[in-house]
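So the structure is just underneath, and the comments pick up after that.
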Amino acid sequence: ADGADGADGADANEAEAAEAVEAPDSPEAEDLEVDELGDQTCEDELESKEERDGQVGDTIVIREIGYKTREEFHTLWLQGLSSYLLGIRETLQEVDDLAGNYGKDLVFTQRRFLEFLQRPDDKAQVLEEFLRTFPLRRNVAPGSRQADEIQEQLQDLADKLWVHANFRKQESVEERQRLLTDGFWEERANAHLQLSYKLQAYELCRFKVAMAILKWSYTGEQQAPDCFDVSALEEPPPQLSTLQELAAWLEESAERAAGAEATNIEESLAPEDDLPDVATIPEEDSSMLEASVSVDNAGQGENAELVAAIQAERRTLARQCQCIAAWTFARLEQMREQYNEIFARMDDWIKDRVREENEAIKETERQLRTGKWEDEEGHQTISRTMTVRRSHTGNVKPAPSSAAGKRRRDVLKVIVPKTLDVNVYVPPKLEVLPSTDTGSMVRSPSTVSQGLGKTRSSFRVPAPEKWSQEMMWGLLTRLTSNLEMGACDAEQLMKALLERRHGALGFENEQVIPPSWVQRPLAVYHLLCRSFVEPAWGATQVDLTEFFLALTHHENFLTWPTMEALEATRSFLHSEESSLSEEELAMYPDVDVSEELFCQLPLWPGGCPSEMRRWMFQVLCCFSQAEICLPPKPGGQDTTPRSVTARRIIGYFGLANAPAKAFSQFCRLLLPAKLFSAAEEDPSPQVLVKDLWTILYSQRTRPAAMMAPVPDLATFCNNLIDEGKVPDAVPKAKAKAKGKAKPEVEEETEAPVIPEEATVAFSEQVLMSRQTVLKALLSHGGLLCRRRGLDMLFPNAGSIFPLKTSAEAEALKELQSLVPEPPPEEEAPAEVAEGS
């Protein structure tokens, strides 16, 4: 009976299997598993089943797959694939951000060290205090007691100065050592190890998803593991520093990731070897032995395919993790080279600064020992009878003559060492993908993105972190397409910036704006554009030349030229090195400067790349003429001869933080040098009113379209000259008020003033007190000042106003007030209130 029942069950199974094979359009056949791992494999299995159907039909079972189970694993695959692709992209973006910030931090560290190295010290104060008691020598005999005492004083001063110099050297060495050991390198290296850990975690999650689907496809195991659990990996420790330690951890991390999720699938799915001997089995049970052997053979073939597929996925996981480790270590090596480079330069800067300070001390000592400190006529108003060291009575110090005072000032200048002429190392940015073959870093589309339709064979090269020259050229071309002059409205500038921001949001679109700008909200763009417009201070539109020069300096970490650099530029133009003729120099500051000469100007003592110099020269030339002359596209050749006036160069690079300071600087840089070389006893030199009017209202420097209405030269000239006559008119007014009867005398009529030739006495203090000058500074002083909106709204690394995320801003705590709260007012009783 049992045998009959088993035969009937086998016949029923065969019938159901046959129906499933013969009716492929039936719902049962539609539920058969045909997944991404191989549709052709399932069809081959059905064909082989039909061929073996009559032989060992009892040993083959066609699994029916529930619709719910298939959807769950389909969702798991899509979720794992989406998490893998998005995670890789997000991590590579973080890698790019770290690379950009690393270079900025290195530049900031160097600049801070240079500021520390060249900070003022007390040597000048020590020397000034010494000069107050230093005797004005007159005919001091060599070998005399006074001469010996003077030498002792000089030796004491030299010892004090050398002590200060040695102390500063020690402070510089300690500051360099502090920067070397403050954890800067460990923090950046750990950040890159964290990103390597994230990449390996994504690879491990993808492997676990693939393994779960493989097991379900071959064995029907429906319980999927936690495919997004990466507890098998270990995060990097924060104390790793040397390259050897970093390489060891990366190697161990790759091995851990490759060997993770070891479930012994091969052993658990292997067939049992302990089979009974055929001789010990009764003859009536031989058919069952054949069936079991057939099942085992079929299971071995199916298990072998599963084991091979899992091993292939594990080999891929190991290869990807090793590639990530090697790629991360290559980046860390390059970062370490850049890190060592800046500290090697710091060593050289310390040596150069010590050398300059030593030379300054030696030169100061030489001038004090050999200089003639008596006045030129050989007379002193008061003679010194006793030395300071031996006298305890109230001696009267002789007043130094003008010549001796000048020599004292010269000595005080000598003690100040020269500013170091060094270049800050700007490291090249690390690329996200290396220049070599990156096929091992990017998974093949056939195994990663099956079923997605369109796939990418590699990741897009990341956009530069800063405004490149190509980006700025594209924005300049866009702005000038509808303009006739070098100025535009704030709304036009904002529209052009937002167009490039919106165009950069697509993954496949060309990056025409830095990613850091894409992430900023619209309100920031509005504030930026409005910061370049201030009608109350004379700027009614955006000066495009000023905007692009500010953008170039900000994005390339360039410092604006100092007053000393601008004075050196003027001296260079008047020197023989400029190759300018006397006729051309007579036209200064409206002398033309070629591109070759502009690249030689000492405007940036800290260094400026030649391509940036040429770009800024082309920006200055773009709007210098009546017609806009666009610069060539970066990388192209420009055969058009270009030139820009020295007035325009100084007018944009000499802007200051306040109108009065800017007016003083421009007077020293643009007016004739003889105005500042006259002696105090000489009469006040005369300056053309036209030159003052040109400086105050930025004429021949900025475009007229962006300025508020400017009074004409004749009105400005008459007002300025009339103000100079006011003190002479006061006595006449008083005499008329007393009513003295005197015969009226007709005053001589003055000749009309020609505004182009009119002059006034030049004195900065007097001019700054004139109402006409003050009115010009109040109405158009904004044209003389540098805008700070770009630095405030888009701060660079190390800025005093860094950007804050919403979480960081929420965590900020305001200062608690120390003023006690007033006591609460007592309320009046109800009866009193009603009675009142």
Inset, instruction - Assuming R0 = 35 Å, can you tell me the calculated FRET efficiency for the pair Val163 and Gln93, based on Cβ-Cβ distance, to the nearest 0.05? - result: 0.05
Inset, instruction - Per residue of region 631-641, in order, report the coupling 6.51 cos²θ - 1.76 cosθ + 1.60 (Karplus, θ = phi - 60°) as ³J(HN,Hα) in whole Hz, putting x for Gly and Pro. - result: x, x, 5, x, x, x, 9, 10, 9, 6, x
Legend entry - Placed amide H near Met707: partners under 5 Å, 5+ positions off or other chain: Thr540
Legend entry - Length released on extending from Asp348 to Glu577, taking residue separation times 0.36 nm less the Cα-Cα span: 79.5 nm
Inset, instruction - Would you please give the FRET efficiency between Gln155 and Leu76, computed as 1/(1 + (r/R0)^6) with r the Cβ-Cβ distance and R0 = 60 Å, to the nearest 0.05? - result: 0.10
Inset, instruction - Treat each spin label as a single point 7 Å out from the Cα along the C-beta direction, and report the Gln765 to Ala714 distance in nm. - result: 3.6
Inset, instruction - Work through the residues other than Trp517 whose Cβ is under 11 Å from its Cβ and net out their charges, Lys, Arg +1 and Asp, Glu -1. - result: +2
Legend entry - Charge tally in the Cβ shell below 15 Å around Thr640, where Lys, Arg are +1 and Asp, Glu are -1, Thr640 excluded: -2
Inset, instruction - Could you work out how far apart the two model spin labels at Asn482 and Gln686 are, taking each label as a point 7 Å from the Cα in the direction of the beta carbon, and quote it in nm? - result: 5.2
Inset, instruction - Using the structure shown, list the pairs from Lys725/Lys775; Lys208/Lys429; Lys690/Lys725; Lys406/Lys661 with a Cα-Cα distance above 28 Å, or answer none. - result: Lys208/Lys429
Legend entry - Under-5 Å amide H pairs with Thr759, H placed in peptide plane, nonlocal only: Val689
Legend entry - Per residue value of the accessible surface for region 556-616 (all protein chains in place, 1.4 Å probe), Å²: 51
Legend entry - FRET efficiency, 1/(1 + (r/R0)^6) with R0 25 Å, evaluated for Arg700 and Lys725 via beta carbons: 0.30
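Assuming 0.36 nm per residue, please report the length gained on full extension of the stretch Leu420 to Glu821 beyond their Cα-Cα distance.
Using 0.36 nm per residue and subtracting the Cα-Cα distance, I get 138.9 nm.
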Inset, instruction - Give a residue-ordered list of calculated ³J(HN,Hα) values for region 232-242 (Karplus: 6.51 cos²θ - 1.76 cosθ + 1.60, θ = phi - 60°; whole Hz; x for Gly, Pro). - result: 5, 8, 10, 6, x, x, x, 8, 5, 9, 6
Inset, instruction - Could you tell me the accessible area of Thr109 in Å² (1.4 Å probe, neighbours in place), rounded to the nearest ten? - result: 30
Inset, instruction - Output ³J(HN,Hα) for region 689-699: one whole-Hz value per residue in order, computed from phi by the Karplus curve 6.51 cos²θ - 1.76 cosθ + 1.60 with θ = phi - 60°, and x for Gly and Pro. - result: 5, 4, 5, 5, 4, 5, 6, 5, 10, 6, 6
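The values are calculated or read from the model by the stated rules, or taken from the named source; none is laboratory data. All values reported here derive from a predicted model rather than from experimental measurement. Because the Cβ atoms are built from the backbone with ideal geometry, glycine has one as well, and the counts that use them run over all protein chains shown. Ligands, DNA and RNA are excluded from the accessible area calculation, which covers all protein heavy atoms including side chains. Shrake-Rupley method; radii C 1.70, N 1.55, O 1.52, S 1.80 Å.
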